[in-house]
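Participant: Starting off with a structure, shown below.
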Amino acid sequence: MKRTDLSPIPIPITVLTGFLGSGKTTVLDYLGRTGALSRTLVLVNEFGEVGLDHELLVPIDDDTLVAVNSGCICCTIRTDLVQTLSEAPWRYARSGKRWFDKVIIETTGIADPAPILQTIIGDEQVASQYMLAGVLTTVDAVNGIATLDHHIEAVKQVAVADRILLTKTDLLDDSAQSLETAIRQYAPAAPISAVIDGQAQADWIFGFQAYGLENKSSDVEAWLAGDFKTQVSDAVNAHGHGEHDRSRHGGVQASSLVFDDPVDAALFESCLTMLMQFRGQDLLRVKGIINVAGLDRPMVIHGVQHVFHPPQLLDAWPGEDRRTRLVVIAKELDHEELLGCFSALGLMARVTH
């Protein structure tokens, strides 16, 4: 949409993308704790019907963080994104006034970023209020090369980036040079910054100039070109008028397990170890908030493929719900097999989807 001198100044949007387990939420958590998200509306989307990331971002105020959970943001909820952005200035107003000056959209790790960017750029209602100001992509230094080799979504996430955060470099035994070489195949000019524990600089996150296609590949230009309404119509038809098609993401599915009673820590760890041993390569993401018997605080766990990070204790529960909730994202996931893995050791859970 063409702007005039009288047009309101557009609100800059930063899209934070990156494959499952690459550290997007850790980056946001760090920024929230350091106060860098002041006057920032954060939209978090998660793959599957039940997410946890928005609850783990404890330092961010409730009306600063909006969970967009009804599916994968690149597939079935593009219209939800348009509605959320269009209504945000008044829906989340404080004292009748818009309080935020910028927006971060954290995509699900399995998202194809192209439809998201096209939504921001191509929808007239959104473009009249907002400006795509940057795409920041997190890349896991440990699993990055294998992820780029096996997941087209990861390739697209890197290719559209104008800034790249290389995470978990402290877990590498050698240099990340080979990974940087692989990244340069798809993003030859994007600056790369290595971060540990999500400690990114705020000026790397926020951009205030319009996103450009300079130094991007012709593929990126093709992904973002075309008629927006046609693309939306095609997406809806391809997904059965709103139902998520798992084939779009190579058979990747999400399963959410809920344990109503506190769990024994040793048994729970045994189940996770078993799961990792048998399905490690296909285990794209495991995250959970755990009610451990004998503890008055929740434990948070994170795992990617064969790597499980040390569990963390939160200072307090993020809400009233005290149940253990575990989200597993994997290729060709068998929900009953997953459930049986825990019940075999006496941990009773139920799959919520």
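Derivation of every value follows stated rules applied to the coordinates shown; laboratory data play no part. Computed from a predicted model, the values in this text were never measured in an experiment. Cβ coordinates were reconstructed from backbone atoms using ideal geometry, including for glycine residues, and neighbour counts include every protein chain displayed.
Participant: Contour minus end-to-end for Ser218 and Glu87, with contour as 0.36 nm per residue of separation and end-to-end as the Cα-Cα distance? Could the numbers behind the result be given before it?
Facilitator: Numbers: separation 131, 0.36 × 131 = 47.16 nm, distance 3.37 nm.
Between Ser218 and Glu87, full extension yields 43.8 nm more.
Participant: Let me ask something else. Mind checking which of Leu165, Ile145, Ala133 is farthest towards the positive end of the stretch 120-184's charge dipole, using Cβ charges of +1 (Lys, Arg) and -1 (Asp, Glu) about the Cα centre?
Facilitator: After comparing all options, I get Ala133.
Participant: Nothing charged except the Cβ atoms of Lys and Arg (+1) and of Asp and Glu (-1): what's the magnitude of the dipole of the stretch 112-192 about its Cα centre? Round to the nearest 20 debye.
Facilitator: On the way: 4 positive and 11 negative charges, 34 e Å.
That gives a dipole near 160 debye.
Participant: Which three semi-axes in whole Å describe the equivalent ellipsoid of the stretch 97-161, each the square root of 5 times a Cα gyration tensor eigenvalue, listed largest first?
Facilitator: Working: eigenvalues 151, 36, 13 Å².
Value: 27, 13, 8 Å, ordered largest first.
Participant: Sticking with this structure for a sec: Is there a pair in Lys102/Lys331; Lys156/Lys287; Lys216/Lys331; Lys24/Lys156; Lys24/Lys216; Lys216/Lys287 whose C-alpha atoms are over 28 Å apart, and which pairs would that be?
Facilitator: Over 28 Å apart, Cα to Cα: Lys102/Lys331; Lys216/Lys331; Lys216/Lys287.
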